[in-house]
Each structure stands twice: as C-alpha cells, then as structure tokens.
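Visitor: Provided herewith is a single structure, encoded as structure tokens, for subsequent inquiry.
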Amino acid sequence: MMKTKETMRIYGVNGPVVTVRGTTELSMMETVYVGRSRLIGEVVSVSREGAIIQVYEDTAGLGPGEPVEGTGAPMRAMLAPGLLAGIYDGIGRPLDRIAERDGEFIAAGTDLASVDLHKKYQMHLCVKRGDTVTGGQIFARCAETPSIEHRLIVPAGLSGEVVFCAADGDYTVSEPLLKVRDEWGEHTLNAITYHPIRTPRPVAERMSADRPLITGQRIIDTMFPIAKGGAAAIPGGFGTGKTMLQHQLAKWSAADIIVYVGCGERGNEMTQVLEEFSDLTDPRTGRSMLERTVLIANTSNMPVAAREASIYTGITIAEYYRDMGYDVALMADSTSRWAEALREISGRLEEMPAEEGFPAYLPSRLAAFYERAGLVRTLSGDQASVTVIGAVSPQGSDFSEPVTQNTKRFIRCFWALDKSLAYARHYPAVNWIDSYSEYRNQLSAWFDTRIAPDFTALRDRVSALLAEEAHLMEIVKLIGADLLANEQKLTLEIARCVRVGFLQQNAFDPADAYVPPEKQYQMIRLILFTYDKARDLTAAQIPVSVIAESGVFDRLCRLRFGIPNDGAAAAARKAEQEINRALEEILHSYSEKQ
C-alpha cells in the first residue's frame, strides 16, 4: 500500500542526488517516487530534517517543491515467468516492451512491469488441496521458453496447509494459483514474487565447490579453472578482449542460465550480445541461445546512478533461477564502471573519499556482490550454483588501481588480460604468468577422476614449462638465443607449441571456439609426449634445428585443427604414432651419419 506524504517535498537537486525536507517517515533503502514525473529513486540517508534520495533516472527539469512519495518497500526485483529472452535496464524495466510502446527513448517516470502480465502459461500444479507446503518448495511448473522449465517456489518463511489449488491450465502470472493457511491467516500465491535486490535469497546450505564450470576455453579449463559457484575477475585495459572473452564464456560455459549485465559499457556491445545470442544456436538445446539468457543493459549513456543497482538486479535474478535448481552464470561487464557510479554518488553526497576518489566502502560493496556467488543446497534440497565472472577495466592496464586490488580480495580466479598478447592477436589474451586460480587444487580430483588420472600432473608440467620459458626469455634478451644450451632451445620450442597450439584459440572457428576437456587433455599429453621424446634426441647431441626441420613442432602448433572434438583420443593416438615415427627416423638417420 503506497503511503503518500503531502509534506514531503524536494528541497534540492544535485544531479542524481535529491534532498527532501519536511515531516517524513521514509526508511533507509526505501523505494520512492520523486517529482511530478514520478522518477524512481531509493533513500540513502535519513535524518530529522528529511532524507537524501538516489534517483535512478535523469533528473533534468526536476525542481524544489515537487512532491515525493514513499512505497514502504525496498528496491525490489519482480521475479516471474517471462524474464528469459528479455532485456532490461538497471532497475528491471523491460527495454524491448518500452520500445514497442513508447519508441526509442525511455520517458521520465516509466514504470512498466518486468514481465508481460497478460501472457498466459500452461501451469502444472505440483501440490493439491490439503497438502502441507514449506518455504522453498516447488508448487507449480510451466515452460517459460522451449529450453527452460520455470519452477514456482513457495516464498521462504511461509509454511502451512493448502486450502485452495487451481487446476492445471493456462494462467497469467498474476492469477491466483494457490492459497496457503498458516497461523497468520491465508496467503494467496501466484507466479509473481518480489525480492529486495540488495538482500541475498536464503538457502539451506552453502557447499564447498568441488566441480568445475566447463567453458571450452583451454587456458581457463586446463590452466586456470573456475568452480561452479566460484567468483572470477577478468581485468584488462582497453582493447584486450574482456567483452569478447565474456561473450565466449556466456555462449559456451556449462551453465543452464546466463545473466549478462552490461554495466556502463557501450551500447553497441550490448546490441552485439542481443544480436549474436538471437542468431546463435545453443549447443545444449539446438535452439536460440537467447531462450536461456537474461540481459540487463545499463549502458554508458544511461543514468549513472542506475549502474549501481544493475549488478544487484542481475544477481537477484541469478539467485532466483538458482533456487529452481539451475546452475547460473552471471557476467558483469564491467565492475569498474559500476565503481565509477559509486564514486560519483559518493562525491555528490560529500562523503570523505578514499584512494583515487572512490568511497571508503568500495571493498564492502564488492564483497556484498561477489560473495553472493556459491554452490548451495536450495531450500527444496537441490544442488545449484551461481557463478560470478566480473570484468574489470583498469585505466592503462594498471592492476594496482583500487577496483582491481579490492576485487582480488573477494575472488579466487584471476584471468589477467595482457595488452601485448592482445596486440599480437593472441586470443584469449590471458597472461599465464600473472593469472591464477585458487580452485586448481580443489578441482584436481574431479579432473583426475572424470578426464584422466594424470590430468593434473600434465597441467602442472605445462605450467612449469611456461614459467621456465619466461625465465629463459630474460636470458635471451641479454645474450641471444644462439648461446643457449640445446635443451634450453628445446624448452623454448615446446613452450612456443604450448602458446600457439594450445593456449591460443580462435573464437570464430567452429572447431576451435569450444573444446571439451577430453580434447584439451589429449592436446597437452601429445605436446608433452613430443617434449619427452625430443629430449632423448637432444641428449644424443642432435640439434633442435634438425628436429624442427622434420615439422613436428609445426604440427603441434596446428593440433587444435588436427584433432576433432569428437573422437579426440583416437586421433591423438594416430598423431602420437606419426610423431614418434618421425622422431625415431631422425635419431636413426643421425646415428648413421655419426
């Protein structure tokens, strides 16, 4: 019930920050309507004199004396069937339906429901009259899209006897489906639920992450894996490929639902996501990728204040689908733009700034976001997860700036993008020296059990090989490659094969855009097999240049195209035999010459 306060009037306007004076009963974080245009805002400060409101729309034309109305509720996300395949702004308004109704621009005070209230869904009720239901229990199901089943959940904290249950049939999201009686009376349930965006949705148990989120990107899955329910950051300067990598992860990661939050990024990038996902065939279902995707767009030309709410709206939607039992991946692009919104609002509020002008509470806000990721047991008993992958845009690729450094405190996977790799057209431009994953040891048992017993051992050998290459390259800069020992030259050649043939990946090649872990294992096994055989040759004083002339190193660099995704083991065995034969011939012919 809306509570209108006639004495609540605007006293001052400072960009998105509005000061209210008068007798008010507004509460902290309460949603309000500001001015005659009823702009949507949120209370960020309350005092005896009045309140300060953060407005999520353009305040141009707003003036003193205009009325302010409180809603009595915090900023909430509307959660119901119909969210999938939609595109929303930072506070959950449907941009596609606004465009159909009002045109290309969002009018001031537009307040349209997130989902279509008139669309009907074929509902199947999972309970009956007389049953006892509890919070988190699934009470109805419907096909939200041909790819995803929507499961309606009894709100947390509600339990009681079902006194009314609708028959199976077609219903809109607002029609009553269930009535539950508890000690406080009767509660009517439909397909709509609301949840405060800044409050995590409750779970039965938070679990230790023990399974990877397979992405099909070799440098991630093999070298720096992320767990389902994990948190990762992709820091990188302009042009290093943050958005492109997030697009790849959204397309190919083994998540049931994708929530993509464009936070302060360019409008053309969100347009690209919308167009690509509409045209892309989902490898899991054979249908449009958009059918299991939610897009939240708060682009750089939209009100800055709404960026601050956009990632909370996104994570709330992700938790909603997690509670249905789905694995959800949330892409936030980028948290630096979100932090800039915090900085601007903090400056308008005249708060004491911390490093580089960011507010002192930047770390706690980042923690509140990333810590909502996790593998959980839902209230209904299912295992499900929310994986959060946030892009960070440090100016000039300076990873020492506050947003990157504070992000590292709350994530366990750091995929550092390198400007020199990006300019050399090495994609993904993830620097294998600066990046790390704290999930590696945690997930080793899964890879060794599901993929191969020696998967972890081979991966560790590759990591050591790349570290040795970095050390040798420092020496090469001083004395040149010609003065290196024969075995050191071999190390550089094999490391090159790892970089070009394994770590580099073509996002536009149908065979290379996604690579299953089985093929990834066969590729590194074959590279290290060649390394071990070639070491026998260098031990016999055969120059590395002679081995290179045989073409085995060039073949390793083309492995990603030579081994198919299906039947990788058989193809790798054949390649192994051919490489072994070529190296044996070199050893035999060289021995005869001696």
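Visitor: Looking at segment 166-183, which of its residues are at pLDDT below 95 and either open to solvent by less than 20 Å² (accessible area, probe 1.4 Å) or part of a loop (DSSP other than H, G, I, E, B) (or both)? Before the answer, list the steps.
Guide: Residues of segment 166-183 at pLDDT below 95: 182-183.
Passing the criteria: only GLU183.
Visitor: Please go through segment 121-165 and pick out each residue that is among the small types (Gly, Ala, Ser), free of Cβ contacts under 8 Å to residues at least 60 places away in the same chain and open to solvent by 10 Å² or more (accessible area, probe 1.4 Å). Explain how you work it out, then say what you get.
Guide: Quick first cut of segment 121-165, residues among the small types (Gly, Ala, Ser) only: 130, 135-136, 140, 143, 147, 156-157, 159-160.
With free of Cβ contacts under 8 Å to residues at least 60 places away in the same chain added as a condition, the list becomes 130, 140, 143, 157, 159-160.
Correct list: GLY130, ALA143, GLY157, SER159, GLY160.
Visitor: Name the residue, out of ALA297, ALA233, that is surrounded by 17 or more Cβ atoms within 10 Å (Cβ to Cβ) and modelled with pLDDT of 90 or more.
Guide: Of ALA297, ALA233, the one residue that is surrounded by 17 or more Cβ atoms within 10 Å (Cβ to Cβ) and modelled with pLDDT of 90 or more is ALA233.
Visitor: Say we look at segment 405-417 and pick out the residues that are over 13 Å from MET223 (Cα atoms) and in contact with a helix residue (DSSP H, G or I) (Cβ under 8 Å, 6 or more places away or on another chain); which of these is surrounded by the fewest Cβ atoms within 10 Å (Cβ to Cβ)?
Guide: The qualifying residue surrounded by the fewest Cβ atoms within 10 Å (Cβ to Cβ) is ARG409.
Visitor: Closer than 21 Å to THR222 by Cβ and out of contact with any helix residue (DSSP H, G or I) (no Cβ under 9 Å at 6 or more places or on another chain): is that true of GLY562 in this structure? Write out each step before concluding.
Guide: Values: closer than 21 Å to THR222 by Cβ: yes; out of contact with any helix residue (DSSP H, G or I) (no Cβ under 9 Å at 6 or more places or on another chain): no.
So GLY562 does not fit the description; no.
Visitor: Still on this model: Is segment 243-257 home to any residue that is open to solvent by less than 60 Å² (accessible area, probe 1.4 Å), charged (D, E, K, R) and within 30 Å of SER400 (Cβ to Cβ)?
Guide: Within segment 243-257, not a single residue is open to solvent by less than 60 Å² (accessible area, probe 1.4 Å), charged (D, E, K, R) and within 30 Å of SER400 (Cβ to Cβ).
Visitor: I need the full set of residues from segment 428-471 which are in a loop (DSSP other than H, G, I, E, B), closer than 22 Å to TRP415 by Cβ and open to solvent by 50 Å² or more (accessible area, probe 1.4 Å), in order please. Quick ask: steps written out before the conclusion?
Guide: Our first condition is that a residue be in a loop (DSSP other than H, G, I, E, B); within segment 428-471, this holds for 428-429, 431-435, 438-439, 451-454.
If we keep only those that are closer than 22 Å to TRP415 by Cβ as well, we get 428-429, 431-435, 438-439, 451.
Matches in segment 428-471: ILE433, ASP434, GLU438.
Visitor: Moving on. Anything in segment 188-202 that is open to solvent by 60 Å² or more (accessible area, probe 1.4 Å) and in contact with a Lys or Arg (Cβ under 7 Å, 6 or more places away or on another chain)? List them, or say none.
Guide: Selection gives THR188, TYR194, PRO200.
Visitor: With the requirement that a residue be touching a Gly at 6+ places or on another chain (Cβ under 8 Å), in a loop (DSSP other than H, G, I, E, B) and surrounded by fewer than 18 Cβ atoms within 10 Å (Cβ to Cβ), what does segment 203-221 give you?
Guide: Result: ALA204, single match.
Visitor: Then there's this: List every residue pair whose Cβ atoms sit under 6 Å apart, with the two residues 6 or more apart in sequence or on different chains, where the first one lies in segment 228-252 and is within 24 Å of ASP509 (Cβ to Cβ) and the second, anywhere, is among the aliphatic types (A, V, I, L, M) and surrounded by fewer than 21 Cβ atoms within 10 Å (Cβ to Cβ).
Guide: Listed by first residue and then by second, the contacts come to GLN248/ALA507.
Visitor: Quickly run through segment 270-294 and pick out the residues that are open to solvent by 10 Å² or more (accessible area, probe 1.4 Å) and in contact with a His (Cβ under 9 Å, 6 or more places away or on another chain).
Guide: Passing the criteria: GLN272, GLU276.
Visitor: In addition: Residues that are basic (Lys, Arg), assigned to a helix (DSSP H, G or I) and either in contact (Cβ under 8 Å) with a residue 24 or more places away in the chain or crowded, with 17+ Cβ neighbours inside 10 Å (or both): does segment 343-354 have at least one? Walk me through how you get there before you give the answer.
Guide: First, pick out the residues of segment 343-354 that are basic (Lys, Arg): 343, 348.
Narrowing the set further to residues that are assigned to a helix (DSSP H, G or I) leaves 343, 348.
Checking the rest, the ones that are also either in contact (Cβ under 8 Å) with a residue 24 or more places away in the chain or crowded, with 17+ Cβ neighbours inside 10 Å (or both) come to 343, 348.
Checked against the condition, which is being basic (Lys, Arg), assigned to a helix (DSSP H, G or I) and either in contact (Cβ under 8 Å) with a residue 24 or more places away in the chain or crowded, with 17+ Cβ neighbours inside 10 Å (or both), segment 343-354 yields at least one hit.
Visitor: From the list ALA140, ALA167, which residue is of a type outside the set (Asp, Glu) and either within 36 Å of the chain's Cα centre (by Cα) or within 30 Å of GLU42 (Cβ to Cβ) (or both)? Outline the logic, then answer.
Guide: Numbers: ALA167 fails: either within 36 Å of the chain's Cα centre (by Cα) or within 30 Å of GLU42 (Cβ to Cβ) (or both).
Checking each option against the conditions leaves just ALA140.
Visitor: Moving to a separate point now. Could you check segment 134-165 and list, in sequence order, the residues that are within 22 Å of GLU291 (Cα to Cα), of a type in the set (Asp, Glu) and not in a loop (DSSP other than H, G, I, E, B)?
Guide: Residue satisfying the conditions is GLU149 alone.
Visitor: Exactly one of (1) in contact with a helix residue (DSSP H, G or I) (Cβ under 9 Å, 6 or more places away or on another chain); (2) at pLDDT 95 or above; (3) among the aromatic types (Phe, Trp, Tyr) is unmet by TYR427. Its number?
Guide: (2)
Visitor: Here's a follow-up. Restricting to segment 59-92, give me the number of residues that are charged (D, E, K, R) and surrounded by 20 or more Cβ atoms within 10 Å (Cβ to Cβ).
Guide: In the first step, residues of segment 59-92 are kept if they are charged (D, E, K, R); the result is 66, 69, 76, 89.
Next, from what is left, pick out any that are surrounded by 20 or more Cβ atoms within 10 Å (Cβ to Cβ): 89.
Result for segment 59-92: 1.
Visitor: Let me ask something additional. Pairs needed: first member in segment 561-582, closer than 20 Å to LYS533 by Cα; second member anywhere, assigned to a helix (DSSP H, G or I) and of a type in the set (Phe, Trp, Tyr); C-beta distance under 7 Å; at least 6 residues apart or different chains.
Guide: Once the first residue is closer than 20 Å to LYS533 by Cα and sits in segment 561-582, its partners that are assigned to a helix (DSSP H, G or I) and of a type in the set (Phe, Trp, Tyr) give GLU576/PHE529.
Visitor: Among the helices (runs of 4 or more DSSP H) lying completely within segment 472-584, list those that include at least 1 residues that are under 30 Å from GLN248 (Cβ atoms).
Guide: On the way: elements: 486-497, 517-539, 544-549, 552-557, 559-562.
The qualifying helices (runs of 4 or more DSSP H) are 486-497, 517-539, 552-557, 559-562.
Visitor: Counting only residues that are open to solvent by 80 Å² or more (accessible area, probe 1.4 Å) and hydroxyl-bearing (Ser, Thr, Tyr), which one in segment 8-40 is modelled with the lowest pLDDT?
Guide: Residues of segment 8-40 that are open to solvent by 80 Å² or more (accessible area, probe 1.4 Å), as a first pass: 9, 11, 21, 23, 25, 28, 36, 38.
Adding the requirement that they be hydroxyl-bearing (Ser, Thr, Tyr) leaves 11, 23.
On the way: TYR11: 95, THR23: 68.
Result: THR23.
Visitor: As an exercise: evaluate GLU474 against (1) at pLDDT 95 or above; (2) out of contact with any Phe, Trp or Tyr (no Cβ under 8 Å at 6 or more places or on another chain) and give the number of the one condition it does not meet.
Guide: (1)
Visitor: Quickly run through segment 520-550 and pick out the residues that are more than 16 Å from ARG499 (Cβ to Cβ) and under 36 Å from the mean Cα position of the chain (by Cα).
Guide: Within segment 520-550, TYR521, GLN522, ARG525, PHE529 meet the criteria.
Visitor: Here is a follow-up. Of the residues that make up segment 386-399, is at least one within 24 Å of LEU83 (Cα to Cα), open to solvent by less than 10 Å² (accessible area, probe 1.4 Å) and of a type in the set (S, T, N, Q)?
Guide: Yes, there is a match, as at least one residue in segment 386-399 is within 24 Å of LEU83 (Cα to Cα), open to solvent by less than 10 Å² (accessible area, probe 1.4 Å) and of a type in the set (S, T, N, Q).
Visitor: What residue, among those in segment 307-331 that are not aliphatic (A, V, I, L, M) and not in a helix (DSSP H, G or I), is surrounded by the most Cβ atoms within 10 Å (Cβ to Cβ)?
Guide: Step one: of segment 307-331, the residues not aliphatic (A, V, I, L, M) are 307-308, 310, 312-314, 316, 319-323, 325-327.
Applying the additional criterion that residues be not in a helix (DSSP H, G or I) yields 323, 325-327.
On the way: ASP323: 26, GLY325: 17, TYR326: 21, ASP327: 21.
The residue in question is ASP323.
Visitor: Counting just the residues of segment 42-54 that are open to solvent by less than 30 Å² (accessible area, probe 1.4 Å) and either without any contact (Cβ under 8 Å) to a residue 12 or more places away in the chain or in contact with an Asp or Glu (Cβ under 8 Å, 6 or more places away or on another chain) (or both), which one comes out nearest to ASP111 (Cα to Cα)? Before you say what the answer is, go through the steps one by one.
Guide: Of segment 42-54, the ones open to solvent by less than 30 Å² (accessible area, probe 1.4 Å) are 42-43, 50-51, 53-54.
After this cut, where a residue has to be either without any contact (Cβ under 8 Å) to a residue 12 or more places away in the chain or in contact with an Asp or Glu (Cβ under 8 Å, 6 or more places away or on another chain) (or both) as well, the list is 42-43, 53-54.
On the way: GLU42: 15, VAL43: 18, ILE53: 18, GLN54: 17 Å.
Looking at the filtered set, the residue picked out is GLU42.
Visitor: When segment 356-378 is examined, which residues are found to be within 11 Å of GLY325 (Cα to Cα) and surrounded by fewer than 21 Cβ atoms within 10 Å (Cβ to Cβ)?
Guide: Correct list: ARG377 only.
Visitor: Just a yes or no: is a residue in segment 119-133 over 28 Å from the mean Cα position of the chain (by Cα), basic (Lys, Arg), under 28 Å from GLY92 (Cβ atoms) and part of a loop (DSSP other than H, G, I, E, B)? Quick ask: steps written out before the conclusion?
Guide: Of the residues in segment 119-133, the ones over 28 Å from the mean Cα position of the chain (by Cα) are 119-133.
Now drop any that are not basic (Lys, Arg), which leaves 119-120, 128-129.
If we keep only those that are under 28 Å from GLY92 (Cβ atoms) too, we end up with 119-120.
Adding the requirement that they be part of a loop (DSSP other than H, G, I, E, B) leaves 119.
Yes.
Visitor: Consider ARG284 against the criteria (1) farther than 14 Å from ILE258 by Cα; (2) part of a loop (DSSP other than H, G, I, E, B): it satisfies all of them except one. Which criterion is unmet?
Guide: Against the list (1) farther than 14 Å from ILE258 by Cα; (2) part of a loop (DSSP other than H, G, I, E, B), ARG284 comes up short only on (1).
The values are calculated or read from the model by the stated rules, or taken from the named source; none is laboratory data. Everything numeric here is computed off the predicted structure, so don't read it as measured data. Note that we place each Cβ from the backbone using ideal geometry, even for glycine, and neighbour counts take in every protein chain shown. Areas reflect the complete protein model, heavy atoms only, side chains present, ligands, DNA and RNA absent. Shrake-Rupley method; radii C 1.70, N 1.55, O 1.52, S 1.80 Å.
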